[in-house]
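Asks: This structure is in structure tokens; I'll ask about it shortly.
Nothing in this text is a laboratory measurement; each read-out follows from the coordinates by a stated rule. These numbers were taken from a predicted model, which means no experiment stands behind them. Neighbour counts run over all protein chains shown; Cβ positions are idealised from the backbone, glycine included.
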Ligand code: ADP
């Protein structure tokens, strides 16, 4: 469903040029749930932005559902969720969720039915008339997710969507996301700095190295589904998977710290 071939990305030019991504190859099959982790600045968000067509790679090619991604054109059937919720404060919850369908000119009856279904699925029946300022951060992020799901994406790109939430809210949303994924079977790519989250949710964890990044590890998470998000963290399988990824990720963090020191020394 998603193919990255020899992807490189540099920003700036001349002496200011930063090579964020050295060379990344990655193939993600339909219905997979893949997390991308790595030291800060290794290009995780850049990869999502390139898959979505927001940014062009400097080298290599990306395909989504077999078609090359073209800059400025979001691939068909692709949804993107950011760390900051994207709800519009002047619209109520139901209108926010139906917004994408309205832009597409869908009939009102179809939009209303879809919004009701989604509110029921997320346990938010009865909340459609509330405005964003009446909701908690977790609820607003849930509404953002429903706004994206309303357009039936086949591919979901999630950029640290739970990063700003407290642990309890985060775990409840993990549970909901896993249920949605089990029911709808989208291909999901999640960028996160939280290894617990990556292992709880995904089937594969890809570790990017410090910049210029490459794939340092592509780990299959050997925990069967359905997973109970509350108890899975206590299991031996969770600890084994965590250790296998941390062995590589921790080393990349250490390298990146050394890289930061050098960068700061030369700046000083
Ligand atoms: P991550 O998500 O892994 O923290 P990013 O993809 O945000 O990393 O950024 C990778 C590197 O590219 C960082 O060094 C960052 O400063 C740089 N970068 C990201 N976006 C831009 C931009 N628009 N212009 C210049 N440099 C950028």
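Asks: Restricting to Cα atoms and excluding each atom paired with itself, what does the Kirkwood estimate give for the chain in Å?
Replies: 19.6 Å
Asks: In percent, what relative contact order does the chain have, based on Cα pairs under 8 Å that are 6 or more apart in sequence?
Replies: 25 percent
Asks: In addition: Within 10 Å of each residue's Cβ, count the other Cβ atoms and sort 32, 110 from fewest upward.
Replies: Fewest-to-most ranking of 32, 110: 110, 32.
Asks: Between the range 1-70 and the range 119-193, how many Å separate their Cα centres?
Replies: 24 Å
Asks: Relative to the first principal axis of the alpha-carbon coordinates of the chain, what is the inclination of helix 236-267, with its axis defined by its Cα atoms, in degrees from 0 to 90 and to the nearest 10?
Replies: The angle comes out near 60 degrees.
Asks: A further question follows. By how many degrees, 0 to 90 and rounded to 10, does the Cα axis of helix 93-103 deviate from the longest principal axis of the chain?
Replies: 80 degrees
Asks: Once the Cα gyration tensor of the range 109-268 is diagonalised, what are the square roots of 5 times its eigenvalues, in whole Å and ordered largest first, as equivalent ellipsoid semi-axes?
Replies: Ellipsoid semi-axes (Å, largest first): 34, 20, 15.
Asks: Once the Cα atoms of helix 108-121 and of the chain are each reduced to a long axis, what angle between those two axes, in degrees from 0 to 90 to the nearest 10, is obtained?
Replies: Helix 108-121 and the main axis of the chain meet at about 70 degrees.
Asks: Sum -39500 (n - 2.57) across every DSSP H segment of at least 4 residues in the chain, then divide by the residue count to get the 222 nm mean residue ellipticity, nearest 500.
Replies: -12500 deg cm²/dmol
Asks: Right, here's the next one. Of 231, 35, 210, 239, how do they rank once you tally other Cβ atoms within 10 Å and put the fewest first?
Replies: Final ranking by Cβ density, sparse to dense: 231, 239, 210, 35.
Asks: For the range 80-151, what class follows from the C-alpha gyration tensor (a ≥ b ≥ c being the square roots of its eigenvalues): rounded when a/c is under 1.5, otherwise prolate if a/b is larger than b/c, else oblate?
Replies: Cα axes put the range 80-151 in the prolate bin.
Asks: For the chain, what is the percent of antiparallel DSSP beta bridges, rounded to the nearest 5?
Replies: Percentage antiparallel, nearest 5: 50.
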